[in-house]
Amino acid sequence: LSVSAGLQTFVGRKVLLPYIVSLGWLLYNLTEVITLALTRLTARTESKLDDQVVPIIRKALRIFVIVVSALFTAENVFGTDISAWLAGLGIVGLALSLAAQDSVKNVFGSITVLFDRPFQVGDRIQFDGYDGVVEEIGFRSMRIRTLAGELVTIPNSKVVDGSVMNISRRRAIRRIVDIAITYDTPPDKVRRALDILREILADPRIASALDPANPPQVFFTDLSAYSLNLRVWYWFAPADWWPYVAHAERFNLMLLERFNAEGIDFAFPTQTLHLASDPKRRLAVESAARS
């Protein structure tokens, strides 16, 4: 059968059409396989944010398949020049991206939080002056319940650009205790005070809760204006706040009992007046009188 070249091209394109439609339909349905795999993957995590990502990825893939199939059909079946369409889509996409750049930043911020995992729902964090527990991580913002009870909403773009301190992931809570004793404490009692502090830290009731990776430290650190200062460093583990407070109370009571028993006085801001009859100042008074 002899047909013209134009008819052959027309028939070939019409035969190509069902092939393109079939391939597009196949790819469209394959997105369900990807969705199923992502759903099983996100089910293993505790975060709810990745569960919300799966439907969006499925819709985005389907829209991509439909657009590509339509453009391929228009060019190869109907002979349409799609370069102008692509240019128009590029301009529209640029306009939309400029108009919604803040929203796009927040979406990419949520994706960054999802994959980088600096924190999760339920973690206590400090960010931008707020200290609280993360209650929800959405695509636009995250919500923090502060320790005072307020609910704070923070855009995800700020979270990505700022510094977040994850309190829940610290291994231990460091405590620094400054102990001031009076200036009239003799050196022997100062040494005894240091020994008492080390004995308290070695007591099983205190030592059992200390981080073995960071041994406690005790030193006579300063001669301040009003007192002799002793300083204690220790690390409480695990980093659970209320047990830490109870442990600190136990340490304080043991310290108070031991210092009272040894007659070691705690210092407070005072002033001492030296009289002219003080033997330690007699020479200074006589020198002033002679002059």
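Listing for the model above:
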read-out: Top-ranked residue in the stretch 235-282 [being of a type in the set (S, T, N, Q) and at pLDDT below 90; ranked as least open to solvent (accessible area, probe 1.4 Å)]; value: Thr270
read-out: Failed item, numbered, when Val133 is tested on (1) within 30 Å of Leu253 (Cα to Cα); (2) open to solvent by 50 Å² or more (accessible area, probe 1.4 Å); (3) in a strand (DSSP E or B); value: (1)
read-out: The one condition in (1) at pLDDT below 80; (2) open to solvent by 70 Å² or more (accessible area, probe 1.4 Å); (3) under 29 Å from Gly122 (Cα atoms) that Thr39 fails to fulfil; value: (2)
read-out: The lone exception for Ser168 - which of (1) hydroxyl-bearing (Ser, Thr, Tyr); (2) crowded, with 16+ Cβ neighbours inside 10 Å; (3) part of a helix (DSSP H, G or I) it fails; value: (2)
read-out: Pair list, Cβ under 6 Å, 6 or more apart: the stretch 227-253 residue closer than 17 Å to Pro212 by Cα, other residue of a type outside the set (Ser, Thr, Tyr) and open to solvent by 60 Å² or more (accessible area, probe 1.4 Å); value: Trp233/Ile176; Trp233/Gln217; Trp235/Arg174; Ala239/Arg170
read-out: Search result, residues across the stretch 113-130 that are surrounded by 18 or more Cβ atoms within 10 Å (Cβ to Cβ) and assigned to a strand (DSSP E or B); value: Arg124, Ile125, Phe127
read-out: Of all residues making up the stretch 230-247, the number that are outside any helix (DSSP H, G or I) and more than 24 Å from the chain's Cα centre (by Cα); value: 4
read-out: Residue count, the stretch 190-231 (criterion: modelled with pLDDT under 95, of a type in the set (D, E, K, R) and within 24 Å of Pro269 (Cβ to Cβ)); value: 1
read-out: Restricting the stretch 136-165 to residues that are open to solvent by 90 Å² or more (accessible area, probe 1.4 Å) and hydrophobic (A, V, I, L, M, F, W, C), the residue that is farthest from Ser110 (Cα to Cα); value: Leu147
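The values are calculated or read from the model by the stated rules, or taken from the named source; none is laboratory data. These numbers come from a predicted model, not from an experiment. In this analysis, Cβ positions are derived from the backbone assuming ideal geometry, glycine residues included, and neighbour counts consider all displayed protein chains. To get the accessible areas, we keep the full protein, side chains included, count just its heavy atoms, and leave off ligands, DNA and RNA. Shrake-Rupley method; radii C 1.70, N 1.55, O 1.52, S 1.80 Å.
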